[in-house]
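Engineer: Just passing along the structure, written as structure tokens.
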């Protein structure tokens, strides 16, 4: 697990655009841009999730300084596009995972 975390930290600071998740990112950007209701906020939330692949809406709100409803809508769009998934089954304080990125570590 520690090796996976080191690899993840490396790819988030890696200064080059080739390799290291580029295909996943490009595919996800294409999905987001093709979605009618996608806004710049959706891309901003996506970028945040790229750096923290397990998130809660409340934490994104605090870290990005956006309203709860705005973040919740962006998260719902990312869920509907299949980019992230809720994994805890809760009705409140839901946790979401960026499974494609996490699968790199498995």
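Engineer: If the requirement is being outside any strand (DSSP E or B) and free of Cβ contacts under 8 Å to residues at least 40 places away in the same chain, which of these qualifies: 89, 82?
Structural biologist: From the options 89, 82, the qualifying one is 89.
Engineer: For residues that are under 12 Å from the mean Cα position of the chain (by Cα), part of a helix (DSSP H, G or I), surrounded by 17 or more Cβ atoms within 10 Å (Cβ to Cβ) and in contact (Cβ under 8 Å) with a residue 24 or more places away in the chain, tally how many sit in the stretch 51-70.
Structural biologist: Of the residues in that region, 1 qualify.
None of the figures in this text is laboratory data; all of them are computed from the coordinates on show. What you see is a predicted model, and the numbers here were worked out from it, not measured in a lab. For neighbour counting, all protein chains shown are included, and Cβ atoms are generated from backbone atoms with ideal geometry for every residue, glycine included.
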